[in-house]
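Quick notes on the structure that follows.
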Amino acid sequence: MTSDESTNFWVDAPYNDRIPSLSPYRQYSTVRLSFPRPDEFSRLALALQMGATSVVAASGDELLEVADQVDVLLECSGSPDALEAGLRVLGPAARAVVVGMSPDPRVPVALALVQRQEVELTGTFRYANTYPTAMALASSGAIHLDDLVTGHYGLAQVAEALSVGRRDPLAVKPVVLPGRDTA
């Protein structure tokens with residue numbers, strides 16, 4: 001299977017640091033971003049700005065509406081439930097790429113779904129050979145990095161910067177500036 005303008009992507013990318021990964025897929029016909037938990041919908045505007053054509057919950061009726069319409073699944077969350085939900089929307093001869101790493105070394109896979117739809121299932125280590133591509137996307141303007149920065153912190157606030165995502169659902173990328181004294 002090759003990707004072209006008619007390829008439909010499904011991206012399970014619930015965490016803020018995965019949202020920028022949507023930008024390269026804007027050229028394709030549909031990029032659906034799946035959020036497994038309802039509290040993650042606060043990132044909707046950013047996800048749409050960064051390239052998602054729609055945002056859906058990873059369960060319920062919305063999954064049924066897109067079943068068999070997705071060509072490529074990028075599962076970035078590491079959640080077994082998200083993987084199964086993503087497999088359920090894939091069409092025949094689709095491709096599923098597991099990027100997210102589960103904390104559990106053994107993750108069940110709905111093999112019947114993979115076999116019935118003849119899905120090509122593969123895993124990848126998320127950081128392998130990605131930096132040159134990411135830098136090229138940023139320099140070309142395909143990804144607007146300034147939109148991702150949601151806070152500036154001084155060196156004394158490193159702990160706060162590293163934990164802001166747990167407190168603020170809209171926090172994406174905090175930046176630590178060593179010469180800065182306040183947030």
- Given (1) over 30 Å from Asp181 (Cβ atoms); (2) acidic (Asp, Glu); (3) exposed (fewer than 12 other Cβ atoms within 10 Å of the Cβ), Asp146 misses just (1)
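For Gln117, state whether it is of a type outside the set (D, E, K, R), touching a residue at least 12 places away in the same chain (Cβ under 8 Å), farther than 21 Å from Ser77 by Cα and not assigned by TED's automatic domain parsing to the domain that holds Ala93. Before the answer, list the steps.
On the way: of a type outside the set (D, E, K, R): yes; touching a residue at least 12 places away in the same chain (Cβ under 8 Å): yes; farther than 21 Å from Ser77 by Cα: yes; not assigned by TED's automatic domain parsing to the domain that holds Ala93: no.
Judged against the criteria, Gln117 is not a match.
The values are calculated or read from the model by the stated rules, or taken from the named source; none is laboratory data. Everything quoted here is computed from the prediction, not taken from an experiment. With ideal geometry, Cβ positions are generated from the backbone for all residues, glycine too; neighbour counts draw on all protein chains shown.
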